[in-house]
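The values are calculated or read from the model by the stated rules, or taken from the named source; none is laboratory data. Every value quoted in this text rests on a predicted model; they were computed, and no experiment measured them. All Cβ positions, glycine included, derive from the backbone under ideal geometry; neighbour counts span all protein chains shown. Quick note on the areas: whole protein, heavy atoms, side chains included, nothing else; ligands and nucleic acids left out. Shrake-Rupley method; radii C 1.70, N 1.55, O 1.52, S 1.80 Å.
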Amino acid sequence: MPAAAPDNVAVVLCRPRYPENIGAAARAMRNMGLRDLILVAPRNPDSEKILKMATHAAADVARRAVVFDDLAAALAPFRYVVGTTARFGTHRQTVRRPREVARQVAALSVANRVALVFGPEDSGLTNEDVRLCHSLVTIPTADFSSLNLAQAVMVLCYELFLAVQEEKPPHMPRLATRHELDGMYAQLKDVLVRISYINPENPEYWLDRLRQFFSRVGLRASDVSIIRGICRQIDWYAGKRYRDGLAAGGGPPQDATRNRS
Ligand code: SAH
């Protein structure tokens, strides 16, 4: 088995506010052997300020950074996404520690592109951003929990660096991409609303629980195909029942009994 590949791990800075933090994050990445930097809607991508903090050694990391307007588009090709949050316990998702996550990422990165996502300095990642993450990590601190963005990047990159040096990572399968998962969740949402399993007023509540469940399992592309096939069949069957009901002269069938206890 090849050694864990940091080339498969990207740092994604979501809506960073200060160019100096982008430069300092690039430098931390270079220190720890990571090269793939992605910027999502940077608010002030002043290259002079970025390069000053990156220093000469990390200038290539900063210059080669790829810029996207939108986090979902940036994450589409990734197979595992880790979100970072200073706020412990505000999300329903379980929040883990860097060392444990770094070991998992080191193992996953042999066969999967992995993204480490960092939020903006002022407000952190939104709930919508967090929905795109398979897991969340918080760097433990004393009572003041909010690290400087580039320092948070350093802690994660350092733990990953150590984890990659450690013993041979266990085998981890190749997972579905974020793009494949997003298509599956859109289809699941449609079909589960259609059969009245989830409330059309607030579909994200139940979808978040499904997202957490599937993230724990770690779906592969073939698993996504099975789930999408089941959705298509449910959709077809619901349509058939509806048409059969109309043809028999009855009204449309009543809502299915909700069964989510
Ligand atoms: N005020 C924001 C903090 C943003 S700090 C909040 O309360 O969420 C900018 C980013 O640095 C965060 O979005 C996160 O990506 C990272 N970060 C800061 N402190 C962190 C911590 N203790 N653990 C993990 N990530 C942290």
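Comparing 246, 162, 39 in a Gaussian network model of the chain, where Cα atoms under 10 Å apart are tied by springs, the biggest mean-square fluctuation is seen for 246. Per residue, the chain reaches -14500 deg cm²/dmol at 222 nm when only DSSP H runs of four or more residues are counted, each adding -39500 (n - 2.57). Charging the Cβ of each Asp and Glu at -1 and of each Lys and Arg at +1, and nothing else, the dipole of the chain about its Cα centre rounds to 560 debye.
A 1.4 Å probe, protein heavy atoms only, puts the accessible area of residue 231 near 10 Å². Rg of the Cα atoms in region 178-247, relative to 2.2 N^0.38 Å, amounts to 1.20. Across region 153-192, how large is the tail of the calculated P(r) beyond 15 Å, expressed as a percent of all Cα pairs? For region 153-192, the fraction of Cα-Cα distances above 15 Å is 65 percent.
In straight Cα distance, which lysines are under 28 Å from residue 189, not counting same-chain residues fewer than 8 positions off? Once the sequence-local lysines are set aside, what remains near residue 189 is 240.
For the chain, the relative contact order is 21 percent, taking Cα pairs closer than 8 Å that sit 6 or more residues apart in sequence and dividing their mean separation by the residue count. Averaged over its residues, the chain has an accessible area of 54 Å² per residue, based on protein heavy atoms and a 1.4 Å probe.
Dipole orientation for region 178-247: of the candidates 196, 234, 210, 234 has the Cα lying most toward the positive pole (charges on Cβ; Lys, Arg +1; Asp, Glu -1).
Expressed as a whole percent, the proportion of Cα-Cα pairs in region 19-101 lying more than 19 Å apart is 49%.
Semi-axis lengths, largest first, of the ellipsoid equivalent to the chain are 40, 19, 17 Å, with √(5λ) applied to each eigenvalue of the Cα gyration tensor. Can you check what the net charge comes to around residue 21, using other residues whose Cβ is under 14 Å from the Cβ of residue 21 (Lys, Arg +1; Asp, Glu -1)? Charge balance near residue 21 sits at +2.
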